[in-house]
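Comments concern the structure below.
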Amino acid sequence: MKLFQNKEELQDFVLEQKRSGKRIGFVPTMGNLHDGHLSLVKLAQAESDIVIVSIFVNPMQFGPNEDFDAYPRTFEQDKEKLDSLNTDILFLPNLDSIYPRGKENHTKVEAIEALTKKLCGASRPGHFLGVTTVVNILLNIVQPDIAVFGKKDYQQLMVIKRMVSDLCMPIKIIGGDIKREPNGLAMSSRNGYLSQIEKDKASHLRAIILAAQKQIEAGDTNFRSLEKHAIQQLTNDGFKVDYFHIVRQDDLESAKESDSKLLIAAAAWLGQPRLIDNQEVNLERA
Ligand code: PAF
């Protein structure tokens with residue numbers, strides 16, 4: 001695996017590969033890699049000839065009371081994991097190469113509020129502005145043919161798809177399925193914050209989402225009452241619920257009876273850590 005820290009050197013390398021007809025795949029990450037990230041790398045490998053993974057903990061997408069300083073930095077382990085998959089390139093930009101004039105003094109890229117202000121955006125103001133800005137910078141540096149993002153951050157995936165489409169960026173955005181722990185907990189770089197007891201409890205979030213899915217697939221279209229019931233169950237289980245919404249997959253608007261491509265999306269705090277999870281539900285409608 002080749003390592004690049006310098007963006008100009010990476011760009012020269014990518015240009016050379018493209019000239020020789022290679023298709024470039026890109027997986028942007030913030031490091032602390034787990035099997036979920038590795039599955040995204042495998043997906044990129046299946047769709048391209050050269051795979052570039054970036055690790056950059058982006059300060060712009062963390063709120064003032066969030067965990068930017070505490071966010072786990074595990075470079076040696078990450079490198080080993082990527083090496084074991086024969087990843088071609090690891091890109092490790094520093095803060096100055098992403099925000100040369102400081103993050104406050106940098107052009108921002110803002111996606112539409114209809115996608116960014118709801119669900120996670122409602123309790124994390126500014127988060128998606130930080131995500132779309134850094135993803136734009138990274139995509140412009142790497143200029144990949146395809147880029148892969150995990151479906152655990154479903155809203156992020158939809159926001160990025162929309163930004164890439166609106167800004168006519170010639171990149172195919174691919175969503176990778178969620179990887180889970182044996183107890184159902186969605187893999188996340190932040191799961192390390194959970195104690196074993198919390199990890200066991202965290203699996204209830206998945207169970208409650210699956211119960212709602214079962215109800216919907218059995219024909220229950222009273223989505224608002226399913227949401228209310230799930231929130232009550234999570235609260236009884238000791239979660240502080242941020243949201244539990246049944247929405248449409250494409251625009252994340254509240255789902256209506258006639259919709260068939262649904263997403264059950266939830267976020268809840270278990271002690272300090274905030275967990276998110278979701279499940280796509282695809283109904284056959286006559
Ligand atoms: O999903 C993430 O890890 C981050 O939000 C991303 C896409 C790498 C941007 O910093």
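The values are calculated or read from the model by the stated rules, or taken from the named source; none is laboratory data. Since this is a predicted model, take the numbers as computed values, not measurements. Positions of Cβ are backbone-derived with ideal geometry, glycine not excepted, and every protein chain shown enters the neighbour counts. For accessibility, only protein heavy atoms count, side chains too; no ligands or nucleic acids. Shrake-Rupley method; radii C 1.70, N 1.55, O 1.52, S 1.80 Å.
Taking helices (runs of 4 or more DSSP H) that fall entirely within the stretch 96-177, which contain at least 1 residues that are over 30 Å from K18 (Cβ atoms), open to solvent by 10 Å² or more (accessible area, probe 1.4 Å) and among the small types (G, A, S)? Reasoning before the result, please.
Details: elements: 113-116, 120-123, 127-142, 154-166.
Passing ranges, in order: 113-116, 120-123.
Does the stretch 61-70 include one or more residues that are among the small types (G, A, S) and more than 16 Å from the ligand (Cβ to nearest atom)? No; the residues of the stretch 61-70 include none that is among the small types (G, A, S) and more than 16 Å from the ligand (Cβ to nearest atom).
Being away from the ligand (no atom under 13 Å from the Cβ) and not charged (D, E, K, R) is a description that does not apply to N136.
Scanning the stretch 179-206 for residues that are among the hydrophobic types (A, V, I, L, M, F, W, C) and closer than 23 Å to H229 by Cβ, we see that the one that is surrounded by the fewest Cβ atoms within 10 Å (Cβ to Cβ) is L185.
Can you confirm whether L185 is hydrophobic (A, V, I, L, M, F, W, C) and more than 12 Å from the ligand (Cβ to nearest atom)?
Details: hydrophobic (A, V, I, L, M, F, W, C): yes; more than 12 Å from the ligand (Cβ to nearest atom): yes.
Yes: the conditions hold for L185.
Can you name the residue in the stretch 72-96 that is under 20 Å from the mean Cα position of the chain (by Cα) and hydrophobic (A, V, I, L, M, F, W, C) and, of all such residues, is nearest to G36 (Cα to Cα)? Filtering the stretch 72-96 for residues that are under 20 Å from the mean Cα position of the chain (by Cα) and hydrophobic (A, V, I, L, M, F, W, C), the one nearest to G36 (Cα to Cα) comes out as L82.
A single member of R248, R285 is among the basic types (K, R), open to solvent by 30 Å² or more (accessible area, probe 1.4 Å), modelled with pLDDT of 95 or more and out of contact with any helix residue (DSSP H, G or I) (no Cβ under 7 Å at 6 or more places or on another chain), and it is R248.
In this structure, does S48 turn out to be away from the ligand (no atom under 16 Å from the Cβ), under 22 Å from I173 (Cα atoms) and surrounded by 15 or more Cβ atoms within 10 Å (Cβ to Cβ)? Judged against the criteria, S48 is a match.
Have a look at E16, E8, E66 and point out the one that is part of a loop (DSSP other than H, G, I, E, B) and open to solvent by 30 Å² or more (accessible area, probe 1.4 Å). Lay out the reasoning, then the answer.
Values: E16 fails: part of a loop (DSSP other than H, G, I, E, B); E8 fails: part of a loop (DSSP other than H, G, I, E, B).
Only one candidate passes the filter, namely E66.
Within the stretch 21-41, one or more residues are away from the ligand (no atom under 14 Å from the Cβ) and open to solvent by less than 20 Å² (accessible area, probe 1.4 Å).
Which of the following residues is farther than 19 Å from L40 by Cα and either among the hydroxyl-bearing types (S, T, Y) or more than 9 Å from the ligand (Cβ to nearest atom) (or both): M163, M158?
Values: M158 fails: farther than 19 Å from L40 by Cα.
Result: M163 is the single residue among M163, M158 that is farther than 19 Å from L40 by Cα and either among the hydroxyl-bearing types (S, T, Y) or more than 9 Å from the ligand (Cβ to nearest atom) (or both).
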